[in-house]
Amino acid sequence: MIFKKAGMTAVEEKSAIIILGASGDLARRKLIPALSVLREQNLITPDSIIVGEGRSEFTDEEFRDRFSTCCEFREQLFYHQGIDGLRDYISSKGEFSKIIAFLSLPPASYASTIKRLYNEGFRDEVNIVIEKPFGRDYESAHELNESIHRFYSEKQIFRSDHYLAKEAVQNILIFRFANSIFEASWNSNYIESIQINAFESIGVEERGGYFDHAGSIRDMVQNHLLQMLCLTTMDPPVSLDPEDIKNQKINILKAIEIEEVSRGRYSGYLDEKDVAPDSDTETWAEMKLKINNHRWAGTPVYIRTGKALDRKGTEIGLRFKKRPHALYNPPEGTAPNEIIFKVQPSEGIVLQLTGKNPGMDLQLARTDMAFCYSNSFNEDIPEAYQKLLLDALRGDHTLFVSAEETELAWKKLNGITNRGELTPYEKGSVPESVFGDIWINFENYVDIC
């Protein structure tokens, strides 16, 4: 596992995992399946318990029937209605060395729920995992952090960004800092541009109510994409300690400046369920940024993200500067080298080089060297929430976002989320770039891996 000196290690202590809002979709699709796998792999102990909490009335058996789990893990699932009495209920199940509370709840309820947990008796023994979004601008994020810190220390708070737990994202630092052939050229002297895509082929579907209050910039840029940019561009940390990694990410966030923003919206968005008829929400955003530090001065960063596009895919691309006309270079120059981190749906790293076509004549051609997870490893790739839940139990903040990072990212986006007119685009298409023909052709890499 990246950032760690070894692989995923078990939590030996008897643990209690509380899922607040356990009747929701996140618990059904992600959290309970992830915990089931961790138990199957003996990464959490058989005497640990998982307690679902919610407003609905369920017996333990009715709650268990909501999930497809094995019989052994099934017996570790319990249900408690409401937060009142929850601490005594946990105590009635035994003594637990580790307790985590996962807030699978609407963001508006985070502050009040954390206060209720504290008043219920959960104190120094609990770690709290908070799902994004964390605020909707700098002011609300700062206020939420202030509210949380009245009751719990920062070391007890784990702000989840599941993109950080994806294998391809975790591998960025290993690729950079464990391979000296790349680190020497990882700067503005050699790299022409950094480009990040996060494309979805579907529209908002059943999430219209949430998305219409967020939009693509709040939903994707402030958290996932800026975090990936930090890992791609940060200086080497002095150690793999979470605090040292966090400090380098903060340095990048401080140095980022957003220069230009373009927003768009797919046709038919206003007809989606729970979308306001006078909505000004974007479903597409394109940005140009710069990083004001010595390593990256002069290298532009481009970000694109949106819904109802021509494909699904998240990738990070670095395009190197063209070589000057010399030796094998034709007058028009060869294609620039590119490195692509394929984050999803198929994980891998691709290095695009120039090589020779087979034959009697000297014909240059693009050559792809690919490291594909599906071809390189026999074991299954862990799902992101497996890592996040296990690290929260272990108290490891590496894959989580600090209060300072969160507020800095929001501060950079102040005044950006509603800048400019909305440009319409058709479903299944990609809006034309406002920055011209500068984009890496990520479609060249779709079928690799």
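Residue by residue, here is whether (1) within 22 Å of Asn414 (Cα to Cα); (2) outside any loop (DSSP other than H, G, I, E, B); (3) under 16 Å from the mean Cα position of the chain (by Cα); (4) modelled with pLDDT of 95 or more holds:
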{"residue": "His213", "(1), (2), (3), (4)": "yes, yes, no, no"}
{"residue": "Asp219", "(1), (2), (3), (4)": "yes, yes, yes, no"}
{"residue": "Asn223", "(1), (2), (3), (4)": "yes, yes, yes, no"}
{"residue": "Leu226", "(1), (2), (3), (4)": "yes, yes, yes, yes"}
{"residue": "Thr232", "(1), (2), (3), (4)": "no, yes, yes, yes"}
{"residue": "Glu257", "(1), (2), (3), (4)": "yes, yes, no, yes"}
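For Asp391, the conditions (1) farther than 26 Å from Ser193 by Cα; (2) modelled with pLDDT under 85 all hold with the exception of (2). Inspect all residues belonging to segment 353-376 and state whether any of them is of a type in the set (D, E, K, R) and closer than 28 Å to Ala285 by Cα. Taking every residue of segment 353-376 in turn, none turns out to be of a type in the set (D, E, K, R) and closer than 28 Å to Ala285 by Cα. Name the residue that is farthest from Gly298 (Cα to Cα), counting only residues in segment 155-165 that are touching a residue at least 40 places away in the same chain (Cβ under 8 Å) and either polar (S, T, N, Q) or buried (at least 19 other Cβ atoms within 10 Å of the Cβ) (or both). By that ranking, first place goes to Ile157. Cβ separations smaller than 8 Å between residues 6+ apart or across chains give the following pairs from segment 427-439 residues that are on the phi < 0 side of the Ramachandran plot to residues that are assigned to a loop (DSSP other than H, G, I, E, B) and hydroxyl-bearing (Ser, Thr, Tyr): Lys427/Ser267; Trp439/Ser433. Within the set Ile250, Ile191, Ile181, the sole residue that is farther than 19 Å from Glu405 by Cα and surrounded by fewer than 21 Cβ atoms within 10 Å (Cβ to Cβ) turns out to be Ile181. Taken together, Thr299, Thr281 contain a single residue that is among the β-branched types (Val, Ile, Thr) and touching a His at 6+ places or on another chain (Cβ under 9 Å), which is Thr281.
Among the residues examined, Gly203 qualifies as assigned to a loop (DSSP other than H, G, I, E, B) and touching a strand residue (DSSP E or B) at 6+ places or on another chain (Cβ under 7 Å). Residues in segment 134-150 that are basic (Lys, Arg) and within 21 Å of the chain's Cα centre (by Cα): Arg136 only. When segment 422-449 is filtered for residues that are among the acidic types (Asp, Glu) and at pLDDT below 90, the ones remaining, listed by number, are Asp437, Glu443, Asp447.
Take Ala403 and tell me if it is closer than 21 Å to Ser201 by Cβ and either outside the structural domain of Gln195 (by TED's automatic domain parsing) or not basic (Lys, Arg) (or both). It is false that Ala403 is closer than 21 Å to Ser201 by Cβ and either outside the structural domain of Gln195 (by TED's automatic domain parsing) or not basic (Lys, Arg) (or both). Selection of segment 408-448 for residues being assigned to a loop (DSSP other than H, G, I, E, B) and within 22 Å of His213 (Cβ to Cβ) yields Asn414, Gly415, Ile416, Thr417, Asn418, Arg419, Gly420, Glu421, Lys427. Determine, yes or no, whether Ala168 is more than 16 Å from Ser402 (Cβ to Cβ) and surrounded by 21 or more Cβ atoms within 10 Å (Cβ to Cβ). So Ala168 passes the test.
Per the listing Ser433, Ser374, Ser346, the residue uniquely assigned by TED's automatic domain parsing to the domain that holds Tyr269, within 21 Å of Leu231 (Cβ to Cβ) and among the small types (Gly, Ala, Ser) is Ser346. Output yes when any residue across segment 351-364 is buried (at least 19 other Cβ atoms within 10 Å of the Cβ) and either at pLDDT below 95 or touching a Ser or Thr at 6+ places or on another chain (Cβ under 8 Å) (or both), and no when none is. Yes, segment 351-364 contains a residue that is buried (at least 19 other Cβ atoms within 10 Å of the Cβ) and either at pLDDT below 95 or touching a Ser or Thr at 6+ places or on another chain (Cβ under 8 Å) (or both). Any residue at all in segment 308-323 that is assigned by TED's automatic domain parsing to the domain that holds Ala214, within 16 Å of Ala214 (Cβ to Cβ) and at pLDDT 95 or above? Yes, there is a match, as at least one residue in segment 308-323 is assigned by TED's automatic domain parsing to the domain that holds Ala214, within 16 Å of Ala214 (Cβ to Cβ) and at pLDDT 95 or above.
The values are calculated or read from the model by the stated rules, or taken from the named source; none is laboratory data. The model shown is predicted, which means the values in this text are computed figures rather than measured ones. Reconstructed Cβ throughout: ideal geometry from the backbone, glycine too, with neighbour counts over all protein chains shown.
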